[in-house]
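The values are calculated or read from the model by the stated rules, or taken from the named source; none is laboratory data. Bear in mind that the values here come from a model prediction, so they are computed numbers and not experimental data. So basically every Cβ, Gly included, is an ideal-geometry build from the backbone, and we count neighbours across all protein chains shown. Quick note on the areas: whole protein, heavy atoms, side chains included, nothing else; ligands and nucleic acids left out. Shrake-Rupley method; radii C 1.70, N 1.55, O 1.52, S 1.80 Å.
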Amino acid sequence: MSNRPGNRKKESILALHKMIDSKIRVKCLGGREMCGILKGFDDLVNLVLDDCEEFLRDRNDASVVTEETRKLGLVVCRGTQVSLISPEEGMEEIANPFMGGEEED
């Protein structure tokens, strides 16, 4: 291999190595949400989660994720499906500023 500047391996903007062996929450493109201990990952953001739990959806409204969970165990989450990765601790849900009351004239 050549050592030209154009051939350098690009660094990932994700610092997943800092989250190894810590609990993370993953949101997938299909709307699934899961939480587990990050055991490994690769350049394509394929994730290996241990003690993984999936957050189930409301039976009446599929767009609402409930706090009810289903244990999955050891999971390999394909990177092409991952839309968000966040640490479980320190995460809080905020209200959507674009939804809600309409502006008054």
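Couple of notes before you dig in:
- From VAL65, VAL45, residue being surrounded by 12 or more Cβ atoms within 10 Å (Cβ to Cβ) and over 12 Å from the mean Cα position of the chain (by Cα): VAL65
- Residue within the range 89-102 that is of a type outside the set (Ser, Thr, Tyr), modelled with pLDDT of 90 or more and in a loop (DSSP other than H, G, I, E, B) present: no
- Leading residue by the ranking (least open to solvent (accessible area, probe 1.4 Å)) among those in the range 15-38 that are in a loop (DSSP other than H, G, I, E, B) and in contact with a strand residue (DSSP E or B) (Cβ under 7 Å, 6 or more places away or on another chain): SER22
- Residue pairs whose Cβ atoms lie under 8 Å apart, separated by 6 or more positions or on different chains, with the first residue in the range 10-38 and over 15 Å from LEU84 (Cβ atoms) and of a type in the set (Phe, Trp, Tyr) and the second at pLDDT 95 or above and open to solvent by less than 100 Å² (accessible area, probe 1.4 Å), do not occur.
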